[in-house]
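> Take a look at the following structure, please.
What follows is calculated from the coordinates using simple rules that are stated; it is not laboratory data. Remember, predicted model here, so these are calculated numbers, not experimental data. FYI the Cβ positions are ideal-geometry reconstructions off the backbone, even for glycines, and counts take in every protein chain you see.
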2 protein chains.
Amino acid sequence: MRADAQRNAAKLRAAAAGLFQEQGLQVSLKEIARRAGVSHGTLYNLFGSREALLDEVVADLAAARLGAAARRALSCPDAWEGFAGYVSEVCELQAVDPAMGDVLTRRFPDASRLMAVCDNSFTAAESIIERARLDGSLRADFTASDLLFFFASHAPLARAAASAGSDAWRRGVAFMLDGLRTAAATPVPAGPMSVEQINRLLVP
Amino acid sequence: MRADAQRNAAKLRAAAAGLFQEQGLQVSLKEIARRAGVSHGTLYNLFGSREALLDEVVADLAAARLGAAARRALSCPDAWEGFAGYVSEVCELQAVDPAMGDVLTRRFPDASRLMAVCDNSFTAAESIIERARLDGSLRADFTASDLLFFFASHAPLARAAASAGSDAWRRGVAFMLDGLRTAAATPVPAGPMSVEQINRLLVP
DNA sequence: AGACATGTTGACCACGGGGTCAAGTTATGG
DNA sequence: CCATAACTTGACCCCGTGGTCAACATGTCT
């Protein structure tokens, strides 16, 4: 790879990271190139697709943040505190950083590294949920796919609220969490979706 | 108005009603004209804007459905049953009919009749909430704007789930409702948004 | 320094959205 | 039955997206 190409790739990565974070994972590729001060042809030349860019720019960051949240949850002495903290933390990530909001929400089946991050995160969520369930604090009928569903529906409005300077999105999370305690549980009127179903749901 | 124009307007209204219901309130106007078997110029000619079409085609229907749900809620002997039934019913409307999903969610400030329907619906929600709060069954810190927030975040995924043949969206509603009972309440970490704030949020 | 590979560019394609308007068509009233 | 006002049409404008590629520019290696 020639030196100037390397420089351009770096500029593109930086611009992409910035725009993903500001506007979410669906920003136009031409806009990324524009911000990088480079022709969009060059972007296609060096990366070829949005998915490749995502894998290079977003995957590691997302993995780090989601991994840290999960670790924190599992190392929390109280299982419920761990679970509730995890949910709040992920919601905060989604509210504050549009890119994170889209990671768990919008599916990019061809961004293999990013998909792996999602899968890992899902597995981690399963552990966190399982732990709180065994502990008796989390209602028994709550599954990881319910959590994914919640994250996915919550992200867009939370982002909008946060970018308007409000933290009112925390209320919805709090209401939900109150409903997830074993003590609050009431029979649930439908079966959970499978992971595949949810994934299909999220591919628009 | 000439007879043929009247006929075309009827065809356009029918096509619009169908497409709004199938795909939501943002379908392309050209597609509506296509389905009506009419040039898109005619659509602009007879209606002038998407908002006018909404006011003619969606407003009454939405008013009827939301009004019926609200009436049912208020006439329910048990205040909590009324509230919970209302929430479920509105969520079902949103899941089953994309147009209804968008009515409370996407804001069309220039569709004055539709806006009026939203406002009425909000007022009705306030009554239903107030009643259940006074009754002691609904937690005291829950407001109508919280409900609107919930509806808005829930609608898109519920719609997707329903159109994939799943009713798993009911689970999220059930979890939420369990968290809204007074018995389940825990202090909430932020203040509610004002109606204006929420409205601003929903205008994309 | 020069030649060749490597990289860059921006015009171009196809698609779709909203919206306008001159020209052509058609209903209707006298 | 025909003049005219009312209406319809579709080509056209703008904007944006994703994506390709011949022509040009520039690093790099001998």
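> Taking the range B:157-176 on its own, how many of its residues are at the interface with another protein chain (Cβ under 7 Å from one of its Cβ atoms) and out of contact with any His (no Cβ under 9 Å at 6 or more places or on another chain)?
Number satisfying all stated conditions: 11.
> Would you pick out the residues in the range B:165-204 that are charged (D, E, K, R), assigned to a helix (DSSP H, G or I) and surrounded by fewer than 22 Cβ atoms within 10 Å (Cβ to Cβ)?
Correct list: B:ARG170, B:GLU196, B:ARG200.
> I need the full set of residues from the range A:13-27 which are under 21 Å from A:LEU202 (Cβ atoms) and either within 13 Å of DNA strand D (Cβ to nearest atom) or without any contact (Cβ under 8 Å) to a residue 40 or more places away in the chain (or both), in order please.
Hits for the range A:13-27 are A:PHE20, A:GLN23, A:GLY24, A:LEU25, A:GLN26, A:VAL27.
Here is a yes/no grid of residues against (1) touching a Ser or Thr at 6+ places or on another chain (Cβ under 7 Å); (2) within 16 Å of DNA strand D (Cβ to nearest atom); (3) within 14 Å of chain B (Cβ to nearest Cβ):
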{"position": "A:PRO77", "(1), (2), (3)": "no, no, no"}
{"position": "A:ASP102", "(1), (2), (3)": "no, yes, yes"}
{"position": "A:ARG107", "(1), (2), (3)": "no, yes, yes"}
{"position": "A:ARG113", "(1), (2), (3)": "no, no, no"}
{"position": "A:ALA124", "(1), (2), (3)": "no, no, no"}
{"position": "A:ALA144", "(1), (2), (3)": "no, no, yes"}
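> Could I ask something else about it? Among helices (runs of 4 or more DSSP H) lying entirely in the range B:1-69, which contain 2 or more residues that are among the small types (Gly, Ala, Ser) and either more than 20 Å from the chain's Cα centre (by Cα) or under 16 Å from B:ARG107 (Cα atoms) (or both)?
B:3-23, B:29-36
> Here are B:GLU56, B:GLU31, B:GLU51, B:GLU89: which of them is under 23 Å from B:ALA155 (Cβ atoms), of a type outside the set (A, V, I, L, M, F, W, C), more than 14 Å from every other protein chain (Cβ to nearest Cβ) and more than 10 Å from DNA strand C (Cβ to nearest atom)?
Answer to the check: B:GLU56.
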